Every structure is written in structure tokens, then in C-alpha cells.
1. Report ³J(HN,Hα) in whole Hz for each residue of the stretch A:39-53, in order, from the Karplus equation J = 6.51 cos²θ - 1.76 cosθ + 1.60 where θ = phi - 60°; Gly and Pro get x.
2. Once phi is turned into ³J(HN,Hα) by the Karplus curve 6.51 cos²θ - 1.76 cosθ + 1.60 with θ = phi - 60°, what whole-Hz value does each residue of the stretch B:197-207 show in order, with x for glycine and proline?
3. What are the lysines whose alpha-carbon lies under 22 Å from the alpha-carbon of B:K106, with same-chain residues fewer than 8 places away excluded?
4. So, with +1 on the Cβ of K and R and -1 on the Cβ of D and E, and no other charges, what is the size of the charge dipole of chain B about its Cα centre, to the nearest 20 debye?
5. Whole angstrom only: what separates the Cα centroid of the stretch B:106-141 from the Cα centroid of the stretch B:286-337?
6. For the stretch B:205-312, which chymotrypsin sites (Phe, Trp or Tyr not before Pro) are both in a DSSP coil and crowded by at most 14 other Cβ atoms within 10 Å?
7. Which whole-number percent is the relative contact order of the stretch A:7-72 (Cα, under 8 Å, 6+ apart)?
8. Loop-only check: which GluC sites (Glu not before Pro) in the stretch B:72-168 are DSSP coil with at most 12 other Cβ within 10 angstrom?
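The values are calculated or read from the model by the stated rules, or taken from the named source; none is laboratory data. Treat the numbers as computed from the prediction; the structure is a model and nothing was measured. Reconstructed Cβ throughout: ideal geometry from the backbone, glycine too, with neighbour counts over all protein chains shown. In case anyone asks, the SASA skips ligands and DNA or RNA and just uses the protein heavy atoms, side chains included. Shrake-Rupley method; radii C 1.70, N 1.55, O 1.52, S 1.80 Å.
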Amino acid sequence: MCLAIPGKILGISGENSIMPMGKVSFGGVVREVNLAYVPEAKQGDYVIVHVGFAISILNEKEAQLVLNTLDEIDPETR
Amino acid sequence: MKYIDEYRDRGSIEKCSQRIAEAVTGPWTIMEICGGQTRSIAKHGLESLLPSEITLLHGPGCPVCVTPQSILDHAMEIASNPEVVFCTFGDMMRVPGTNTDLAHIKAEGGDVRIIQSPMEALNLARENADKEVVFLAIGFETTAPANAMALYQSKQQGIKNISFLVSQVLVPPAMESILNSPHSKVQGFLAAGHVCTIMGFEEYEPIAQRYQVPIVVTGFEPLDILMGIDMVVRQLEEGRHEVENQYSRSVQREGNLAAQKILNEVFEVIPKQWRGVGEIPSSGLGLKSVYRHLNAALRFPQKIIYEPLSTNCISGQVLQGLKKPNECEAFGKECTPDSPLGATMVSSEGACAAYFHYQNFQA
């Protein structure tokens, strides 16, 4: 129910006058997604999408920092 | 796929499980709150990658599972009304009420539609102007903004033939309820990453301090969950009890302010009944008075109140982390996903269904 998956914004449309909508690709499957809760989102951003709404813009720098912590403990690299 | 494959990489997963094994010196019991995490743990066999000192308990974080039977009975009563187009998320179709479920109501001729987003309910209302459209709006904080936007837009657009049967639940009060139980074994929590994406994690900080439990905001992929466990274990080993954020690629301390603004516009905090658990103070969201006209519970008052049936189902204890699904006598026998006794066996994020689908399958 709280399943939400990352997708890439391919484009933002102004077709819906009420709320910003975007075309988001989930590994090639493209869906219309409501961007009302990520007003700063732009084309090329990755967003987490839940029940038709983007709820966050994924932060690449933070993602890399977390992955780096694993390399820090790798016996071959420490 | 970006932001998925990196977190399913076998080498990284092995590194992380090795890191946990090196850190552990004592027995620790950790609860993952979210049903999505429970499903991921079962699906990827993560418990088998943990040292024997660590016990995972599965928490109440499946909104489908905790929706009270009385709400479901009311939903089915409304869905049986020939003047109503009833819509809900697919997860809700087979959750048992007292006598039946929404799938049976549909099979018997009820106009029950599965929708992917609450905003589709507004389209249904426009397309079915001669009918009343009712949306069963359930969920935790993750889903609440989508439901809130559907309510907000229905009011803004003056849609007359739509209403919402609301059963929204909140996670932090449930965590406190678990910790307040004298039977609680929980020493640390993995907090639900998408709930925190919306609400942030400031409200978890007094809980961590008051109950002296580490709380780590955690994502949903296998590596996320192992990293979250690693962070909880390190705190337990060092005698710390803080809120840490493993899921920082999605979660900020203050959460999603745009979503919170709509939540505050539409909802207010109320006491809430949880299926199998009972009432938890301040653990739900109800409609503010200016949205009263969109409340399906008022537009379609419940006529029949059933007494809950007595079964061998222990889902209430499973939801509170007091028992594991396979400790239930009915598990896999009289209770299966095809013939569930309780909601935890129905929802794909229910602990019982996760155990049945993945652990039985692997065995």
C-alpha cells in the first residue's frame, strides 16, 4: 500500500490547468504522474511515485553517500 | 534501473550483512514498521542473511490490514447500493468484512471499480453524473496526501456526487502503543521510509528519547533494509537511541511541506480504531468540518452493525509484533491467501501473506 517506485521525469506538461502533470518512465513504462507535491521538479529528475503522485525528488548525492559507506568497510579498500 | 538495481546488488548486500555480523555481540529484537518492508524481507530472504542474534518483528504498517472490520462492512453496504459507483485501491477487494468482501459485492452486480489513484474518483464522478461515487480512502501518511488532494479538488471544483469513506491511520502513535505494551520485545525500529518522505522524522525524536529506542528511517530495497538494520544494531551496541536516516535520498528531516500543507487543510488528528489492535489515541486523520459534506459515512449512514466473528486468527498479535505468522495454528491450513481468515493474509504487504508466498515457497 505504501509501495512507491522511482521513475524518471521525461517531460512536464501544462495541459492540466489545475495541477502540474509529468510523463514519468518506470524502466520504459511511461505514466502520467501528478507533480503537485514536487513543485520544483524538472525534466530529468527521478521521483518516487505513489498512487499517481510524485512524493519526493530523489537526491543523487545522498544516494551516492549512502552507497559509499559500504565501500568504506570493504576489506579490500580499507 | 536507476535507484533500484544498486540496492539489489548481491556484492553490496553481502558486504552489508558481513558488516552486521561483525557488529553484533548480543541478541537484539528489531521491528520493521512498514508492510512494504516486511514483504521485501520475505521476498528477498533477508532474515537468512542476518546473524542468529537478530530477531525481526513485523509491525502494524499495512493500512489494508489495520482497516477496521466495521469500516469494511460499511463499505460493502454502500457498494451494494444500486445508486452508487464504489471505488477503491485493488488491495481492498478481498479483505474480509463480517460476511463478505468487495470482490463478492462486485460479482453480485455491485458497481465496484478498482482505481490506481484517488484522482480517478473525480473522473468517475464526472462520467457518472446520475450516480453517487464513493471512494474508500484508506492509508498511512504516504497515501494521505493523494487522498487529501482528491478531497481538496472535489471541494474546489464543487463536485456534488462524490464522497469519501475515510480510514486514515498514523504511524508514530502506533509505535508508541507498541512500546507501551508490557509484552513489547521491540528494542529498535526501522521507520517507514515513505511515511517519513511525507512527514519527515522530527516527531520520532521524542519517541526515541522517551523509550530509549533507536529509530532508523529506512527504504524498501534489500540493501536499504540491511543498512537500516546495521544502523540500528550499531546504536544498540553503543547504547545510543537516536533517530537516523538511512533513506536520505528520499527523506528530509522536515518532510514534504507541500504535502503537509494539503493534509492540514483537509484533515485533523482523531482517535482511531485499528483492526486487531483497538483504539489508539491521536492515531488517525478525520475530515475537518468544512469537508463534512464530502463524508460518505454521513451521506450513507451505516444501517447494519455486525459483531466481529470469532476465529482462530491471531492477526492482532501479529500486527503488534507479539507473534509471528507461522506461530498461528491456522497459518497455511484453514488460512491461506485464497481463503483468508484475517486481513494480514490478504494484503500483499500483510505479514501472513508475505510469509505464505515467500517463506513457504522457498521451503
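1. Per residue, the Karplus-derived 3J(HN,Hα) values read x, 8, 5, 9, 4, x, 5, 9, 10, 8, 10, 9, 6, x, 10 Hz.
2. Along the stretch B:197-207, the couplings run 4, 7, 9, x, 9, 4, 6, 7, 5, x, 5 Hz.
3. Filter leaves B:K131, B:K303.
4. Values: 30 positive and 41 negative charges, 103 e Å.
It comes to approximately 500 debye.
5. 21 Å
6. B:Y306
7. 26 percent
8. Filter output for the stretch B:72-168: B:E83, B:E108.
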